[in-house]
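Just so it is clear, none of the values below were taken in a lab; they were calculated from the coordinates. Bear in mind the structure is a predicted one, so any value in this text is a computation, not a measurement. Cβ sites come from the backbone with ideal geometry, for glycine too, and all protein chains shown count toward neighbours.
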Amino acid sequence: MTTATANLPSAFIADGVTAVPASELLGALNHPIRRNILRFLLASAPASSTEIRRSLSGPVGNNINFHFDILVAAGAVERGHKQVGYRENFYSPTDATSAAWFRTVLQLTEAED
C-alpha cells in the first residue's frame with residue numbers, strides 16, 4: 001500500500017448496509033468523463049442522461065452509457081426509474097460519494113479535466 005492510499009478506507013458503508021469497496025470507487029474516478037459526470041450529479045442530481053451529456057464539454061459520443069454502467073457498478077451512482085414523460089434514465093450520486101476522501105479526489109483531479 002502506497003502512502004497516497006494508506007489513509008483510504010477499504011470500504012465505505014453506504015446506507016448502513018451495503019459495503020462499497022474503495023478500490024471500486026477509485027476505479028470509477030479513473031476517467032475524466034466519469035469524474036465530470038459525478039461533479040455534475042453532485043451539484044444537480046437527479047439528472048437525466050441527456051442533461052448530463054449536455055453538461056460535458058468535448059466529444060462524448062455513444063460511450064456515455066458505458067461510463068454510466070461503470071459508475072453504477074462501482075456504487076458511485078444509482079440509476080433511477082424513468083420518470084413520467086421521459087424515455088431515459090435519471091441518475092443520482094449514492095451515499096458513498098459523500099465520503100471526505102472521495103470528494104477530495106474529485107477536487108484534486110479537477111485541474112486535470
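Quick notes on this one:
- As a rough footprinting exposure proxy, the listed residues THR109, THR50 were ranked by other beta carbons within 10 Å of their own, and the order from fewest upward is THR50, THR109.
- Estimated FRET transfer efficiency when R0 is 30 angstrom, pair VAL84-GLU24 (beta carbons, to 0.05): 0.40
- Inter-label distance for GLU110 and SER98, nm, one decimal - labels placed 7 Å from Cα along Cα-to-Cβ: 2.1 nm
- Per-residue packing, averaged as other Cβ atoms within 10 Å, sorts the ranges 66-72, 52-58 into the order 66-72, 52-58, beginning with the highest.
- Ratio of the Cα radius of gyration of the range 18-112 to 2.2 N^0.38 Å, where N counts its residues: 1.02
- Burial ordering of LEU42, LEU25, LEU108, fewest other beta-carbon atoms within 10 Å first: LEU108, LEU42, LEU25
- Extension gain (nm, one decimal) between VAL60 and LEU42, 0.36 nm per residue minus Cα-Cα: 4.5 nm
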